[in-house]
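A.B. asks: Here it is, the structure in full.
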Amino acid sequence: MSESQRAGHILTPEGWVDGRIEFDSHIVTIEEDEVPTDASYIIPGFVDLHVPGGGGADVMQGEEAVRTAAQLHAMHGTTSFLPATITAPEDELITALAGIGKAQTERQTGEARVLGTHMEGPYINEAKLGAQPPFARDPDPAFLEVVTGEGVVKLVTLAPEVTDGLEMIRQLTAAGVVVQIGHSDADYEMACAALEAGARGFTHLFNAMSPLHHRAPGVAGAALAHGEYAALIPDGVHVAPGAMKVALRAIPKLFVVTDATAAAGMPDGEYPLGAHTVTKRDGSVFLDDDTLAGSALTMDQALANLLDLGLSLDEASLRTSTYPADFIGRMDRGRIQAGAWADLVVLDPAHKLVEVIVEGEAVR
């Protein structure tokens, strides 16, 4: 790939630099130079660690569905992501993981890069299913050994209180898989034990977990008291702005995810979510009983919502790009520095998305 360049206000790990970036598939150099005051802002491409679907496609449907979601989210600034499987029978999970693995192996033109899989369940608490289909079950160490051995599963959400949950955390961590606590009714003490066993974060903070009470802090309390990382859905529906501010103050490396379903980028209507059919209306996604069922959020809107909450652009960028990349150990993503992948989002002076570059390719 021949070298390209972009000029503007560039967000680097050391702060803002006025100048230009030279890149091919990776960033080659960042050179300081004068740029107009109203030049574009260039920030790291978004890294989304929780994407069940998009563009009408559910990632449980296989490779082509994953690629459809990858194209939709790339148009909204996501340059790399983890497709998220939903709780399902093991044979369906194996099929879905195979499809994600094929998309991971080869990125096609116009797609965000698939970094692996976020396996959300099936080892979760039936009392905290949220919108997950009713296929929760106790751990199967043999199944975990098989799926982690394929190198596709990078992140697992589980409830530590399930049978042998702490041992499962140790097994996954030893295999190099990052573990988040989620869909859990654990008490505070069990959540702390899970962190000691190797769990590193929390899935869609405040949602589908035991809540904070001053005499029973629950999983949410453990996250606020001890969490370095946690994921949060900033769509203004899953978490109230005040609770988002609490989390931002308490958790040093809080990052955001979309939890976007097939409804993302689509009109109101019905869409698949694993074994469920969900309905998009008024910008949100629901089961028939009005339970929130993931979201229709995209990462450009997530960034805008963080800015509306009062975060600076550089602070918001840490939470849409750098912290999620760091969480799964991808120090070559989510930052603009020489040697990193050329994953870039270009914003106009009003912070609106105008261009997206994935591994040096302009996809929007």
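A.B. asks: Compute the signed sum of charges (Lys and Arg +1, Asp and Glu -1) over the other residues within less than 11 Å, Cβ to Cβ, of A296.
C.D. replies: Around A296, the surrounding residues sum to -2.
A.B. asks: One-quarter of the Cα convex hull surface for the stretch 1-104, in nm²?
C.D. replies: With every direction weighted equally, the projected area is 8.4 nm².
A.B. asks: Could you pull the Cα extents of the stretch 157-305 along its three principal axes, largest to smallest, in whole Å?
C.D. replies: 44, 33, 29 Å, listed from the longest principal axis down.
A.B. asks: With just the Cα atoms defining each centre, how far is the stretch 291-364 from the stretch 222-270? Give it in Å.
C.D. replies: Spelled out, the Cα-based centre of one part sits 15 Å from the other.
A.B. asks: Multiplying the sequence separation of A250 and A338 by 0.36 nm and subtracting their Cα-Cα distance, what value in nm do you get?
C.D. replies: 28.5 nm
A.B. asks: Please compute the Cα-Cα pair-distance distribution of the stretch 37-154 with 10 Å bins starting at 0, giving whole percents from short to long.
C.D. replies: Per 10 Å bin, starting at 0, the Cα pair percentages come out as 14, 43, 28, 10, 3, 1.
A.B. asks: Further question on the same structure: Suppose every Lys and Arg Cβ carries +1 and every Asp and Glu Cβ carries -1, with no other charges. What dipole size does the chain come out with about its Cα centre, to the nearest 20 debye?
C.D. replies: 440
A.B. asks: Follow-up. For the pairs K102/K352; K128/K280; K280/K352; K128/K245; K253/K352; K102/K128, flag any whose C-alpha to C-alpha distance is greater than 29 Å. Don't skip to the answer; put the middle values down first.
C.D. replies: Details: K102/K352 33 Å; K128/K280 22 Å; K280/K352 25 Å; K128/K245 24 Å; K253/K352 24 Å; K102/K128 31 Å.
Cα-Cα > 29 Å for K102/K352; K102/K128; rest within.
A.B. asks: Within 12 Å, Cβ to Cβ, of I10, how many net charges do the neighbouring residues add up to if Lys/Arg are +1 and Asp/Glu are -1?
C.D. replies: -4
A.B. asks: For helix 165-174, report the angle its Cα long axis makes with the longest principal axis of the Cα atoms of the chain; keep it between 0 and 90° and round to the nearest 10°.
C.D. replies: So the inclination is approximately 40 degrees.
A.B. asks: Also: Which percentage, to the nearest 5, of the DSSP beta bridges contained in the chain is antiparallel?
C.D. replies: On the way: 38 of 64 bridges.
Of the beta bridges lying entirely in the chain, close to 60 percent run antiparallel.
A.B. asks: Positive end of the charge dipole of the stretch 1-158 (Lys, Arg +1 and Asp, Glu -1 on Cβ, about the Cα centre): tell me which of S40, T105, A65 has its Cα farthest that way.
C.D. replies: Highest projection toward the positive end goes to A65.
A.B. asks: Further question: Please give the per residue volume of the convex hull enclosing the alpha carbon atoms of the stretch 257-364, rounded to a whole number of Å³. It would help to have the intermediate numbers written out before the result.
C.D. replies: On the way: hull volume 15.0 nm³, N = 108.
It is 139 Å³ per residue.
A.B. asks: Using the Kirkwood radius over Cα pairs, work out the Stokes-Einstein diffusion coefficient for the chain at 4 °C and 1.567 mPa s, in µm²/s as a whole number.
C.D. replies: It comes out at roughly 64 µm²/s.
A.B. asks: Now a separate question. Using a cut-off of 12 Å between beta-carbons, work out the net charge of the residues near A186 (Lys and Arg +1, Asp and Glu -1, A186 not included).
C.D. replies: Taking every other residue near A186 into account, the sum is -3.
Every number here is computed from the coordinates shown, using simple stated rules; none is lab data. The structure displayed is predicted, hence computed values, not measured ones. Methodologically, a virtual Cβ is constructed for each residue, glycine included, from the backbone with ideal geometry; neighbour enumeration extends over all protein chains shown.
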